[in-house]
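Each value in this text was obtained by applying a stated rule to the coordinates, not by laboratory testing. This structure is a prediction, so every number in the text was calculated from the model and none was measured. A quick note on method: Cβ atoms are made from the backbone with ideal geometry, for glycine too, and the neighbour counts reach across all protein chains shown.
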Amino acid sequence: MKTARTKICLIIGDPVSHSLSPLMHNTAYEAVGLGEEFVYLAAQVKVEKIKETVEAVRTLGIRGLTCTVPHKTAVILYLDMVDETAQKIGAVNTIVNDQGHLIGYNTDWIGAITPLKQRGDLRGKNVLVIGAGGAARAIVYGLMHEKAHVTIVNRTAERARALADEFHCLWIDNASNDFISSQDIIINATSIGMHPHIVEVPIQTCSIHRAQILMDIVYVPHETEFLRQGKSKGATIIYGVEMLLHQGIAQFELYTGVPAPVDTMSETLKNALHI
Ligand code: NAP
């Protein structure tokens, strides 16, 4: 039961109605006995309304604000403090309202790096990151933090170059089959694979082999064409839902200060995605 003391958390994005975060967080609150203390909602917010939205967070005393596309960078300007990691990444996906003091964090990098580290040490591994948008920034930060050898490739090569310069890693214009087969890990951090690009792959998969790990951050559909083709070559597959889960776990703990019910959150996402 919600009461006058219930704290509100909110995800903003445009669009946002597809988000699984409200379901994941609300189920988790119930699981740890915080169902009365917390509620998690969603609001569609246009990017030009971000300033007013942050003001409303202060005015209404909203406890946590999750930012998804297109707000992760624009929101930074209106916060009181941005944690050092989020500053380096240049994007905030999690804002904690500590008695009117708004602090920005980034949990996307934890979301991506945790499932990779569960498969083995990243130090010295050759990793190809496809994409140079907001999610790719968080992933490249995390990989460099773990001392991997990172190369970026992106549709707009100039953005790959700028990101590589910023994080002191490599970039390439096009990934040849030889280059692709030389990588230990390949991560799709673009929106290729989701609607309306469901039948597309972000790179050629003919040289993918069983010693490689393929990760996709797209989670709808659960198994993208990229992962489907990689799996058929015997590669180890990491689904986008794992990133969603682990960024959500870190976020839950920032909002509530309580250890997240990992199994409940994982099961909730699997059920919602019919996995
Ligand atoms: P973004 O900042 O808009 O970046 C989009 C990236 O995808 C850019 O590199 C862009 O290339 C590339 N791209 C878009 N359309 C393309 C196309 N038709 N062909 C080739 N490349 C294309 O978005 P983002 O925040 O990084 O998010 C990217 C994806 O990750 C989204 O699908 C998002 O839902 C997903 N995501 C998942 C999680 C998770 O927890 N699993 C977390 C965050 C994001 P250009 O630079 O050339 O435009």
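Overview of values
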{"quantity": "Gyration tensor (Cα) of region 1-109, equivalent ellipsoid semi-axes in angstrom", "calculated": "22, 15, 14"}
{"quantity": "Most mobile of THR256, THR224, THR156 in a GNM of the chain (Cα contacts under 10 Å)", "calculated": "THR156"}
{"quantity": "Loop sites in region 119-164: trypsin sites (Lys or Arg not before Pro), DSSP, at most 10 other Cβ within 10 Å", "calculated": "ARG123"}
{"quantity": "In order through region 205-213: 3J(HN,Hα) via Karplus (6.51 cos²θ - 1.76 cosθ + 1.60), integer Hz, x for Gly, Pro", "calculated": "10, 5, 9, 5, 9, 5, 7, 9, 10"}
{"quantity": "√(5λ) per eigenvalue of the Cα gyration tensor, the chain, largest first, Å", "calculated": "33, 21, 16"}
{"quantity": "Farthest toward positive dipole pole in the chain [+1 Lys/Arg, -1 Asp/Glu at C-beta], among THR94, SER266, ILE152", "calculated": "ILE152"}
{"quantity": "Calculated on alpha-carbon atoms, Rg and Dmax of region 81-162 in Å", "calculated": "14.0, 44"}
{"quantity": "Cα→Cβ-extended label distance, 7 Å offset, between VAL220 and ASP121, nm", "calculated": "4.0"}
{"quantity": "Simple Cβ-charge dipole of region 1-105, Lys/Arg +1 and Asp/Glu -1, about Cα centre, in debye nearest 20", "calculated": "140"}
{"quantity": "Fluctuation leader among HIS101, HIS222, HIS18 - the chain, Gaussian network, Cα springs under 10 angstrom", "calculated": "HIS18"}
{"quantity": "Antiparallel bridges, percent of DSSP beta bridges restricted to the chain (to nearest 5)", "calculated": "20"}
{"quantity": "Under the Debye formula (equal points on every Cα, no solvent term), log10 I(q)/I(0) of region 189-275 at q = 0.12, 0.18 Å⁻¹", "calculated": "-0.42, -0.80"}
{"quantity": "Estimated vicinal HN-Hα couplings, Hz - region 229-244 in sequence order (Karplus 6.51, -1.76, 1.60; Gly, Pro = x)", "calculated": "5, x, 4, 5, 8, x, 6, 6, 10, 10, 7, x, 4, 5, 5, 4"}
{"quantity": "Pairwise label distance in nanometres, GLN44 with LYS233, each label 7 Å out on the Cα-Cβ vector", "calculated": "3.9"}
{"quantity": "Förster radius 22 Å - calculated FRET efficiency between GLU55 and ALA4, Cβ distance, rounded to 0.05", "calculated": "0.50"}
{"quantity": "log₁₀ of I(q)/I(0) at q = 0.10, 0.19 Å⁻¹ - region 129-236, Debye sum with one point per alpha carbon", "calculated": "-0.25, -0.95"}
{"quantity": "Expected 222 nm ellipticity per residue - DSSP helices of 4 or more, -39500 (n - 2.57), all of the chain, to 500", "calculated": "-11000 deg cm²/dmol"}
{"quantity": "Charged-residue dipole, Cβ positions (Lys, Arg, Asp, Glu), the chain about Cα centre, Debye nearest 20", "calculated": "180"}
{"quantity": "Dipole in debye (nearest 20) - region 181-275, about Cα centre, beta carbon charges: Lys, Arg +1; Asp, Glu -1", "calculated": "280"}
